[in-house]
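Q: I am attaching a structure below and will ask some questions about it afterwards.
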Amino acid sequence: MRTALLERQRAFASQPGGAVLDGRDIGTVIAPDADAKLFVTASVEVRARRRHAELPGTSLESIAAELEARDRRDMERADAPLKQAEDADLLDTTDLSIGAAVQRAIALVDARLKDRG
């Protein structure tokens with residue numbers, strides 16, 4: 001199943017005109033030769049607050065613990081571990097609003113594409 005999904009994701013990523021993909025192994029496994037890559041992150045505390053706003057009734061502490069456990073599992077897994085690709089630009093959204101994060105992402109991609117252009 002993983003192999004079929006990998007092939008589908010790679011085909012989607014390499015389609016004419018390009019594609020935008022989001023995932024924990026996109027820049028390292030799915031599209032390692034992409035023209036522009038972002039490694040988007042934020043602190044666990046901020047990510048937990050953001051998720052908590054989407055899931056009222058769930059404790060902030062339990063959400064933070066789940067995020068930390070998932071991050072640890074993903075970073076330590078043997079197959080496609082979570083890590084920043086060497087040629088990916090880091091986008092830390094901890095202190096950014098959604099609008100500011102989008103603007104920063106666009107600026108990073110534009111700069112990367114200009115450098116390759």
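Read-outs throughout are calculated quantities, based only on the coordinates presented, and are distinct from any laboratory measurement. Keep in mind that what you see is a predicted model, and the values were worked out from it rather than measured. Every residue, glycine as well, gets a Cβ built from its backbone with ideal geometry; the counts of neighbours run over all protein chains shown.
Q: Reported to two decimal places, what Rg/Rh ratio describes the chain when computed on Cα atoms with Rh from the Kirkwood expression?
A: In the chain, Rg relative to Rh is 1.00.
Q: Expressed in nm to one decimal, what extension gain is obtained for the pair A100 and A78 from 0.36 nm per residue of sequence separation less their Cα-Cα distance?
A: Fully extending the segment from A100 to A78 adds 4.5 nm.
Q: To continue, here is another question. Is it possible to state the helix-based mean residue ellipticity at 222 nm for the chain, with each DSSP H run of 4+ residues giving -39500 (n - 2.57), the sum divided by total residues, to the nearest 500 deg cm²/dmol? What is it?
A: About -16500 deg cm²/dmol.
Q: Can you tell which of A80, A65, L6 lies farthest toward the positive end of the dipole of the chain, using +1 and -1 charges on the Cβ of basic and acidic side chains (Lys, Arg; Asp, Glu)?
A: L6
Q: Loop-only check: which GluC sites (Glu not before Pro) in the range 58-104 are DSSP coil with at most 10 other Cβ within 10 angstrom?
A: E86
Q: Right, another one. What nm distance separates the two modelled labels at D35 and A4, each placed 7 Å from Cα along Cα→Cβ?
A: Output for this residue pair reads 3.2 nm.
Q: Between K114 and A53, with labels modelled 7 Å along Cα→Cβ, what's the label distance in nm to one decimal, could you check?
A: Simple spin-label model gives 3.0 nm for this pair.
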